[in-house]
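Q: Pasting in a structure now, in structure tokens, and then I'll have a few things to ask.
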Amino acid sequence: MGQKVNPIGFRTGIMIGWKSRWYASKQEFADLLVEDYKIRKFVKGRKDKFGKPLYPAIAKIEIERTRDEVKVVLFSARPGILIGRKGERVEELQKELQEKTKRRINIKIEEINRPELVAQLVAEDIAEQLAKRSGFRRTMKRSLEQTMEAGAKGIKIQLSGRLGGAEMSRREKQIAGSIPLSTLQAKIDYGFTEAMIAQGHIGVQVWINQGTYSEDQTDGADAKTGQAPKKSKRTYKR
């Protein structure tokens, strides 16, 4: 026991869709997959001269490809910062991605209304507070309370590393509500990031139970239609 499964990967293709949506031949598939990874790494890892993320509060990046262009959808809690004054920051990002990939890029920004219910944004907020030398227990407790007040069914936060500047690394976790990780019908969001502190890196993992998937939200095939009938339709005579 004790094996951990990423809840998003566990539900991909069954309850939720893929983050990259395109078809390619066997010869092109590997190159396009690496290109998707580089696009995500470039957008998430871009920093300004002060070391802060240039494009903050991005929960996820979805990529769709056609023959003519690459559509990059950014889900952000702060769309105004991404767009910039008169859209100059989006145009700058679009130009840089086009130079990097040598393809036509179309960027679309989707706003996240309740960032307290998005696990990746909660994890990044905790990491930001830890980098500012905030107490890790107080930070965890505050995030738990904010997420539960926003309407979540449950939340689990786990920190790993040299917590509090200790000599030996350890794990600390706090749970509120219910987190049914083995139930596919449960809408579990997962986020991970690393906090850079003076003593080293601290891993931040967040699981948030957002309720259950309704029938119109599921991207996978309906399980009931795929079930085999209990009784055989054909009758056999001895």
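The values are calculated or read from the model by the stated rules, or taken from the named source; none is laboratory data. Since the structure is predicted, the reported quantities are computational estimates derived from the model, not experimental observations. Don't worry about glycine lacking a Cβ; one is built from the backbone with ideal geometry, like all the others, and counts go over all protein chains shown.
Q: More than 18 Å from the chain's Cα centre (by Cα) and farther than 23 Å from ALA195 by Cβ: does that describe GLU64?
A: no
Q: For region 141-151, which residues satisfy the criterion of being at positive phi and either without any contact (Cβ under 8 Å) to a residue 24 or more places away in the chain or acidic (Asp, Glu) (or both)? Reasoning before the result, please.
A: Our first condition is that a residue be at positive phi; within region 141-151, this holds for 151.
Listed by number, the list is empty, since nothing qualifies.
Q: Pull up region 124-149, narrow it to residues that are aliphatic (A, V, I, L, M) and crowded, with 16+ Cβ neighbours inside 10 Å, then point me to the one that is farthest from PRO56 (Cα to Cα).
A: The residue in question is MET148.
Q: Same structure, new question: Out of region 42-64, which residues are of a type outside the set (A, V, I, L, M) and surrounded by 13 or more Cβ atoms within 10 Å (Cβ to Cβ)?
A: PHE42, LYS44, PRO53, TYR55, PRO56, LYS60, GLU62, GLU64
Q: Looking only at region 190-207, count how many residues are part of a strand (DSSP E or B) and surrounded by fewer than 18 Cβ atoms within 10 Å (Cβ to Cβ).
A: 6
Q: Among ILE107, ILE126, which is within 27 Å of VAL72 (Cβ to Cβ), of a type in the set (Val, Ile, Thr) and in the same structural domain as GLU96 (by TED's automatic domain parsing)?
A: Numbers: ILE126 fails: in the same structural domain as GLU96 (by TED's automatic domain parsing).
Every option except ILE107 fails the conditions.
Q: Residues in region 90-111: is at least one closer than 27 Å to LYS132 by Cβ and of a type in the set (Lys, Arg)?
A: Taking every residue of region 90-111 in turn, none turns out to be closer than 27 Å to LYS132 by Cβ and of a type in the set (Lys, Arg).
Q: Of everything in region 124-164 that's touching a Leu at 6+ places or on another chain (Cβ under 9 Å) and polar (S, T, N, Q), which residue is nearest to PRO180 (Cα to Cα)?
A: Among them, the one singled out is THR147.
Q: Please give the number of the condition GLN27 fails out of (1) in contact with a helix residue (DSSP H, G or I) (Cβ under 8 Å, 6 or more places away or on another chain); (2) over 19 Å from GLU96 (Cα atoms).
A: Tallying (1) in contact with a helix residue (DSSP H, G or I) (Cβ under 8 Å, 6 or more places away or on another chain); (2) over 19 Å from GLU96 (Cα atoms), GLN27 fails exactly one: (1).
Q: Report the residue count in region 110-150 for those that are within 18 Å of LYS52 (Cβ to Cβ) and not aliphatic (A, V, I, L, M).
A: Of the residues in region 110-150, 9 are within 18 Å of LYS52 (Cβ to Cβ) and not aliphatic (A, V, I, L, M).
Q: Look through region 152-189, keep the residues that are without any contact (Cβ under 8 Å) to a residue 12 or more places away in the chain and either farther than 22 Å from THR139 by Cβ or not assigned by TED's automatic domain parsing to the domain that holds GLY135 (or both), and return whichever of them is surrounded by the most Cβ atoms within 10 Å (Cβ to Cβ).
A: Among them, the one singled out is THR183.
Q: A further question on this structure: Name the residue, out of ARG67, ARG114, ARG89, that is exposed (fewer than 13 other Cβ atoms within 10 Å of the Cβ) and out of contact with any strand residue (DSSP E or B) (no Cβ under 9 Å at 6 or more places or on another chain). Lay out the reasoning, then the answer.
A: Details: ARG114 fails: exposed (fewer than 13 other Cβ atoms within 10 Å of the Cβ); ARG89 fails: exposed (fewer than 13 other Cβ atoms within 10 Å of the Cβ).
Answer to the check: ARG67.
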